[in-house]
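K.L.:
For reference, the structure I am asking about is given below.
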Amino acid sequence: MELTQSIKQYAVAPIPHHVMAWLLRDYHEPNDKIHQLLKNELLIQVKRGLYIAGPRITDLKPDPFLLANHILGPSYVSLESALSYHGLIPEKVYEITSVTTKAARRFSTPLGVYSYTRLPLPYYSYGIQSVEVNKQQRFLIASPEKALFDKIITTAGVEFRSKASVRTYMENDLRIEMDALVKLDIPGMESWVPASPKKSSLAMLIETIRQQ
């Protein structure tokens with residue numbers, strides 16, 4: 001199969017370096033060939049060791065959230081990106097925000113900016129959803145409940161001492177309508193609190209939602 005057609009097969013998925021090396025296994029210097037493909041816009045380098053098919057092969061691109069999962073793993077989309085995806089905040093988010101178990105990182109790529117915030121295990125593993133874009137693409141994203149928890153936990157200075165402080169933060173800082181929170185899975189949220197950072201603030205959030 002012609003090389004460009006082989007690359008096109010991966011048009012809706014990120015292509016890691018080991019896959020490119022396999023596609024170029026008949027070349028004596030595969031890294032030199034990769035450099036040539038990048039120069040000729042047959043590949044785009046997202047970061048070192050991760051590529052997508054270039055514009056001279058196809059206009060198709062991986063879903064931005066799928067790409068976020070691959071740029072740094074393990075990770076899942078969360079914080080503002082997930083809150084916007086689930087319709088909890090009104091703003092469209094231009095930086096893709098994720099959570100990881102690794103050190104915090106930020107990547108400026110040809111496809112946008114991707115940032116990663118560290119959260120510890122076992123808390124990290126709760127409330128992650130797998131979303132199907134199509135038969136070839138699935139991405140990991142925080143549930144609405146987990147995205148809200150993650151945002152509170154990772155925002156410096158956010159500590160809830162009263163129900164009024166919860167309402168102020170939700171409505172003024174995040175611009176989340178309190179009525180929207182009553183639809184959340186409160187028992188699920190309660191089950192995460194024992195292993196969560198900022199336990200008292202999360203407990204105050206849950207108590208405030210229950211009284212809506």
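K.L.:
What are the pairs with Cβ atoms under 8 angstrom where one residue, in region 155-173, is in the same structural domain as residue 83 (by TED's automatic domain parsing) and the other, located anywhere, is assigned to a helix (DSSP H, G or I) and basic (Lys, Arg)? Sequence gap at least six, or different chains.
P.N.:
none
K.L.:
For region 35-84, name all the residues that are among the hydroxyl-bearing types (Ser, Thr, Tyr) and within 21 Å of residue 101 (Cβ to Cβ).
P.N.:
75, 76, 78, 81
K.L.:
Let me ask something else. Suppose we keep only residues that are more than 21 Å from residue 17 (Cβ to Cβ) and among the hydroxyl-bearing types (Ser, Thr, Tyr) within region 68-95. Which one would you say is surrounded by the most Cβ atoms within 10 Å (Cβ to Cβ)?
P.N.:
The extreme case among them is 78.
K.L.:
Also, quick follow-up: Without any contact (Cβ under 8 Å) to a residue 60 or more places away in the chain and under 20 Å from residue 151 (Cα atoms): does that describe residue 56?
P.N.:
No; evaluated as a whole, the condition is false for this residue.
K.L.:
Report, ordered by the first and then the second residue, all pairs with beta carbons closer than 8 Å, sequence separation of six or more or different chains, a first member in region 8-19 that is outside the structural domain of residue 70 (by TED's automatic domain parsing) and outside any loop (DSSP other than H, G, I, E, B), and a second member that is loosely packed, with under 15 Cβ neighbours inside 10 Å and modelled with pLDDT of 90 or more.
P.N.:
16/49; 17/49
K.L.:
Just to be sure before I move on: is residue 150 of a type outside the set (Val, Ile, Thr), assigned by TED's automatic domain parsing to the domain that holds residue 123 and touching a strand residue (DSSP E or B) at 6+ places or on another chain (Cβ under 9 Å) in the structure I sent?
P.N.:
yes
K.L.:
Looking at region 96-127 only, could you name the residues that are loosely packed, with under 14 Cβ neighbours inside 10 Å, without any contact (Cβ under 8 Å) to a residue 40 or more places away in the chain and either in contact with a Gly (Cβ under 8 Å, 6 or more places away or on another chain) or assigned to a loop (DSSP other than H, G, I, E, B) (or both)?
P.N.:
Correct list: 102, 103, 104, 121.
K.L.:
So, of the residues in region 194-212 that are of a type in the set (A, V, I, L, M, F, W, C) and within 16 Å of residue 142 (Cβ to Cβ), which turns out to be surrounded by the most Cβ atoms within 10 Å (Cβ to Cβ)?
P.N.:
Among those that are of a type in the set (A, V, I, L, M, F, W, C) and within 16 Å of residue 142 (Cβ to Cβ), it is 205.
K.L.:
Something else about it: Given the options 167, 105, name the one that is of a type in the set (Lys, Arg) and more than 23 Å from residue 199 (Cα to Cα).
P.N.:
105
K.L.:
Among the residues of region 164-173, which ones are under 22 Å from the mean Cα position of the chain (by Cα) and buried (at least 18 other Cβ atoms within 10 Å of the Cβ)?
P.N.:
If the condition is that a residue be under 22 Å from the mean Cα position of the chain (by Cα) and buried (at least 18 other Cβ atoms within 10 Å of the Cβ), then 170 is the only one that fits.
K.L.:
Restricting attention to region 1-11, report how many residues are over 18 Å from residue 47 (Cβ atoms) and touching a helix residue (DSSP H, G or I) at 6+ places or on another chain (Cβ under 8 Å).
P.N.:
2
K.L.:
If I ask for residues that are at pLDDT 95 or above, of a type in the set (Val, Ile, Thr) and either assigned to a loop (DSSP other than H, G, I, E, B) or more than 12 Å from the chain's Cα centre (by Cα) (or both), which ones from region 128-160 would you list?
P.N.:
152, 153, 154, 155, 158
K.L.:
Look at region 10-61 and say how many of its residues are under 19 Å from residue 136 (Cβ atoms) and in contact with a Gly (Cβ under 6 Å, 6 or more places away or on another chain).
P.N.:
So the answer is 2.
K.L.:
Checking residue 147 against (1) farther than 18 Å from residue 100 by Cα; (2) of a type in the set (A, V, I, L, M); (3) crowded, with 20+ Cβ neighbours inside 10 Å, which test does it fail?
P.N.:
With respect to (1) farther than 18 Å from residue 100 by Cα; (2) of a type in the set (A, V, I, L, M); (3) crowded, with 20+ Cβ neighbours inside 10 Å, residue 147 is out only on (1).
The values are calculated or read from the model by the stated rules, or taken from the named source; none is laboratory data. Everything quoted here is computed from the prediction, not taken from an experiment. All Cβ positions, even for glycine, are placed from backbone atoms using ideal geometry, and neighbour counts span all protein chains on display.
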